[in-house]
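*Asks:* Dumping the structure here so I can ask a few things about it.
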Amino acid sequence: MKRRFQLLPVSIFVALFLLLNWYALGGLQVVATASYVPAVFWSVILLNVFALLYAIQGIQSRGMGVFFKVATHAFLMLFVSELIFIINLFLDDVFRILAGLFHLIKQSDFLMPARNAYWIEFGIGLFFVSILLFLYGIIKGKYAYRVIKHTLTFNDLPTAFDGFTITQISDVHAGSFTNSKAVQKGIDLINEQQSDLFVFTGDLVNNKAEEIKPWIGHFSQIKSKYGQFSVLGNHDYGDYVKWDNDLIKRGNLQQLKKYHAELGFHLLLDEHIELNKDGQKIILAGIENWGLGFGERGDLQKALQGTTAEEFKVLLSHDPSHWEAQVKNNPSKIHLTLAGHTHGMQFGIEAFGIKWSPVKLRYKHWAGIKEENGRFLNVNRGFGFIGFSGRVGIWPEITVIELKKG
């Protein structure tokens, strides 16, 4: 019974995917009229589907090796690119239906115009552009680090901290890295900012502490005048991999905490420290991961214990859902929260005034600055990547925030 239940959603997905391809082929044949087109088309589609199912079926025995990555990435590229073509085709069909209805009203005869070959060729062009963008994202985009700067003004910022700068990165996911030279460029870019403070907001690894070990020499180069601070993310606890027993799992987490220290990161575990400058101070607090659906471990009250409601506070909290649930309306004012987690789903568009990613369906605010109730949230788009070994339109981010007194 259990196996049938697992097969049901897979069968539904495959059926829908094949139905979409049948629709796409109908449009393609308007401009590709050769008799062999359907055979070639279905050969490519079915090969892709069978490779995907074989890769997923063998995760436990074969792991997520090269074949798994090739099969899943090929399917993702094909599916998204085809979806773009299908949407384009659907818009043409809607126009044809409306034209037919208009003709019915005017002439009492429903007559649809033929599909527009130029419009279909445009859709094919979009298909290949999408494929090229995915290839760029896999080869180059995942290491295309960019610096995003924000200046935030606060009336109650201590005068000594006017102009104080913070560099933030998040979601390193060290187990996904394969290019040390590219990662080093990101590290150099971080240090070039020469910020007063450096913070890392969680997900150092994908699953196991050992993943960061080859990269300690890189990330330990990060230095700032007021230190380097970090928190844990949902992936850091090892919840997404099978362990022989809980003792080994707990040992993995303890080892990860030691690696934070080797990196020169002061790991904040439901606690805070004071940053002092010219006789004035601000509070830097950090909590363990707290995220709706991703483990609500963090204790904000514990982290703020010993602080006053009015003191200027910066909070490190991996998951932005924590800000929505506990921070933005907290009686103790937390002026700025720095989060990550979403990655911007590593796919979307941020250009020409458009800001969209599928992750928008899950998170109210998924990237950049948000202000509400006099409190700010910044969601970093992530330094690394996981799952999809690339980035398309949502590039890896190094955030620099300057605090200004209003």
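*Asks:* So for the pair Gln301, Glu210, with labels modelled 7 Å out along Cα→Cβ, what separation do we get in nm?
*Replies:* With each label point 7 Å from Cα toward Cβ, the separation is 4.1 nm.
*Asks:* Follow-up. Which length gain, in nm to one decimal place, applies between Ile354 and Leu111 when the Cα-Cα distance is subtracted from 0.36 nm times their residue separation?
*Replies:* Stretched out fully, the Ile354 to Leu111 stretch lengthens by 83.8 nm.
*Asks:* Follow-up question, since we're still on this one. Taking a virtual spin label 7 Å from the Cα of Phe102 along the C-beta vector, which residues in the range 60-93 bring their backbone nitrogen under 20 Å of it?
*Replies:* Under 20 Å, as judged by backbone N against the label point of Phe102, lie 88-93 of the range 60-93.
*Asks:* I'd like the carbon and sulfur percentage of the solvent accessible area for the chain, probe radius 1.4 Å, heavy atoms only, ligands and nucleic acids excluded.
*Replies:* Here it works out to 62 percent.
*Asks:* A further question follows. With n ≥ 4 as the cut-off for DSSP H runs, can you work out [θ] at 222 nm for the chain, using -39500 (n - 2.57) per run divided by the number of residues, rounded to the nearest 500?
*Replies:* Roughly -13000 deg cm²/dmol at 222 nm, from the helical runs in the chain.
*Asks:* Extension gain Leu91-Ala160, at 0.36 nm per residue separation less the Cα-Cα distance, in nm?
*Replies:* 19.1 nm
*Asks:* Right, next: Relative to the longest principal axis of the chain, what angle (0 to 90°, nearest 10) does the C-alpha long axis of helix 37-57 take?
*Replies:* It works out to around 40 degrees.
*Asks:* How many nm is it between the label spots at Val70 and Lys140, if each spot is 7 Å from the Cα in line with the beta carbon?
*Replies:* Going by the 7 Å Cα→Cβ label model, 2.4 nm.
*Asks:* Turning to a different aspect of this structure: Using the heavy atoms of the protein chains and a 1.4 angstrom probe, tell me the accessible area per residue for the range 308-353 in square angstrom.
*Replies:* Per residue, the range 308-353 has an accessible area of 33 Å².
*Asks:* Which order do the peptides 347-358, 67-78, 174-185 take when ranked by the mean count of other beta-carbon atoms within 10 Å per residue, highest first?
*Replies:* 67-78, 174-185, 347-358
*Asks:* Could I ask something else about it? Please give me, ordered by residue number, the GluC sites (Glu not before Pro) of the range 281-322 that lie in loop per DSSP and have at most 13 other Cβ atoms within 10 Å.
*Replies:* Those satisfying the criteria are Glu310.
*Asks:* With a/c under 1.5 counting as rounded, go ahead and sort the range 169-308 into rounded, prolate or oblate using the C-alpha gyration tensor (a ≥ b ≥ c being the square roots of the eigenvalues; past the cut-off, prolate if a/b is larger than b/c, else oblate).
*Replies:* The shape class here is oblate.
*Asks:* Compute the Cα gyration tensor for the range 274-406, then decide on rounded, prolate or oblate, letting a ≥ b ≥ c be the square roots of its eigenvalues: rounded whenever a/c is under 1.5, prolate when a/b is larger than b/c in the other cases, and oblate in all that remain.
*Replies:* Since a/c reaches 1.5 and a/b is larger than b/c, the shape of the range 274-406 is classed as prolate.
*Asks:* Does anyone have the angle between helix 2-28 and the longest principal axis of the chain? Alpha-carbon axes, 0 to 90°, nearest 10?
*Replies:* Helix 2-28 sits roughly 60 degrees off the main axis of the chain.
*Asks:* Then there is this: Could you check the spin-label model distance between Ile84 and Glu402? Points 7 Å from the Cα along Cα→Cβ, value in nm.
*Replies:* It works out to 3.6 nm between the two label points.
*Asks:* Provide the per-residue ³J(HN,Hα) series for the range 240-247, in order, calculated from phi with Karplus coefficients 6.51, -1.76, 1.60 and θ = phi - 60°, each as a whole number of Hz, with x at glycine and proline positions.
*Replies:* 9, 9, 7, 10, 5, 7, 5, 5
*Asks:* Can you tell me the length gained on complete extension of the stretch Val147 to Gln280, counting 0.36 nm per residue apart and subtracting the Cα distance?
*Replies:* 45.0 nm
*Asks:* Count charges around Tyr136 for me, please; just the other residues with Cβ under 14 Å from its Cβ, Lys/Arg as +1, Asp/Glu as -1.
*Replies:* +3
*Asks:* Moving on. What angle do you read, to the nearest 10 degrees and between 0 and 90, between the alpha-carbon axis of helix 180-192 and the longest principal axis of the chain?
*Replies:* Around 50 degrees separate the two axes.
*Asks:* Follow-up. For the range 265-406, what is the number of Lys pairs with C-alpha distance below 13 angstrom, counting only pairs 8 or more positions apart or on separate chains?
*Replies:* Lysine pairs, 8 or more places apart or on different chains, close enough: 5.
*Asks:* Using a Förster distance of 41 angstrom, determine the FRET efficiency expected from the C-beta separation of Trp243 and Glu372, and round it to 0.05.
*Replies:* The computed FRET efficiency comes out at 0.55.
*Asks:* Long-range amide H contacts for Val392: which residues qualify at under 5 Å (H placed 1.01 Å from N, peptide plane, sequence gap of 5 or more or a different chain)?
*Replies:* Excluding prolines and chain starts, which carry no amide H, the hits are Phe347, Gly348.
*Asks:* When a/c is below 1.5 the answer is rounded, else prolate if a/b is larger than b/c, else oblate, so apply that to the chain with a ≥ b ≥ c taken from the square roots of the Cα gyration tensor eigenvalues.
*Replies:* Judged from the Cα gyration tensor, the chain comes out prolate (a/c at least 1.5, a/b above b/c).
*Asks:* Sort 271-279, 395-403, 317-325 by packing, meaning the average of other beta carbons within 10 Å per residue, with the highest value first.
*Replies:* 317-325, 395-403, 271-279
*Asks:* Taking Lys223 as the anchor, which aspartates and glutamates have their alpha carbon closer than 20 Å to its alpha carbon, excluding any fewer than eight residues away along the same chain?
*Replies:* Asp171, Asp188, Glu192, Asp196, Asp203, Glu262, Glu274, Glu397, Glu402
*Asks:* Could I ask something else about it? Which chymotrypsin sites (Phe, Trp or Tyr not before Pro) in the range 104-171 sit in a loop by DSSP (not H, G, I, E or B) and have at most 15 other Cβ atoms within 10 Å of their own Cβ?
*Replies:* When the chymotrypsin sites (Phe, Trp or Tyr not before Pro) of the range 104-171 are filtered for loop state and at most 15 Cβ neighbours within 10 Å, Phe110 remain.
The values are calculated or read from the model by the stated rules, or taken from the named source; none is laboratory data. Keep in mind the model is a prediction, meaning the values are calculated, not measured. For neighbour counting, all protein chains shown are included, and Cβ atoms are generated from backbone atoms with ideal geometry for every residue, glycine included. In case anyone asks, the SASA skips ligands and DNA or RNA and just uses the protein heavy atoms, side chains included. Shrake-Rupley method; radii C 1.70, N 1.55, O 1.52, S 1.80 Å.
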